[in-house]
1. Scan the range 12-32 residue by residue and report those that are at pLDDT 95 or above and assigned to a loop (DSSP other than H, G, I, E, B).
2. Report every pair of residues separated by at least 6 positions or lying on different chains whose Cβ atoms are under 7 Å apart, first residue within the range 27-50 and over 10 Å from ARG15 (Cα atoms) and free of Cβ contacts under 8 Å to residues at least 40 places away in the same chain, second of a type in the set (D, E, K, R) and exposed (fewer than 14 other Cβ atoms within 10 Å of the Cβ).
3. When you look at ARG45, is it touching a strand residue (DSSP E or B) at 6+ places or on another chain (Cβ under 9 Å), outside any loop (DSSP other than H, G, I, E, B), loosely packed, with under 13 Cβ neighbours inside 10 Å and of a type in the set (D, E, K, R), yes or no?
4. Mind counting the residues in the range 16-42 that are on the phi < 0 side of the Ramachandran plot, touching a Lys or Arg at 6+ places or on another chain (Cβ under 9 Å) and exposed (fewer than 13 other Cβ atoms within 10 Å of the Cβ)?
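The values are calculated or read from the model by the stated rules, or taken from the named source; none is laboratory data. Not measured: the values here are computed from a predicted model. Here the Cβ positions follow ideal geometry from the backbone for every residue, glycine too, while neighbour counts run over all protein chains shown.
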Amino acid sequence: MRVEASYDDGRSWHRATVRPDGTNAFEATVERPSGPRGDAPVTLRVSAEDGAGNTVRQTVTRAYLHRGP
């Protein structure tokens, strides 16, 4: 599983840390890069593949607003 976040509407992507939680689910930690200043809408993208090779990719545009300095 791969989780990425964008602070510029998808022009560039930053990979999140993803960890299995032991219950067939995952937890992702998104850290804001040092470049963007001020408030920034965050776009999220998740890609996953199962053991049979089936894939899914979903993007949530402007999923939330990250308040920043």
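1. Selection gives TRP13, ALA16.
2. Short answer, once both residue conditions are applied: GLU27/ARG19; GLU27/ASP21; ASP39/ARG67; PRO41/ARG62; THR43/ASP9; THR43/ARG62.
3. On the way: touching a strand residue (DSSP E or B) at 6+ places or on another chain (Cβ under 9 Å): yes; outside any loop (DSSP other than H, G, I, E, B): yes; loosely packed, with under 13 Cβ neighbours inside 10 Å: no; of a type in the set (D, E, K, R): yes.
No.
4. Let us first name the residues in the range 16-42 that are on the phi < 0 side of the Ramachandran plot, namely 16-21, 23, 25-37, 39-42.
With touching a Lys or Arg at 6+ places or on another chain (Cβ under 9 Å) added as a condition, the list becomes 16, 18, 26-29, 39-42.
When the remaining residues are screened for being exposed (fewer than 13 other Cβ atoms within 10 Å of the Cβ), the result is 27, 29, 39.
Number of matching residues: 3.
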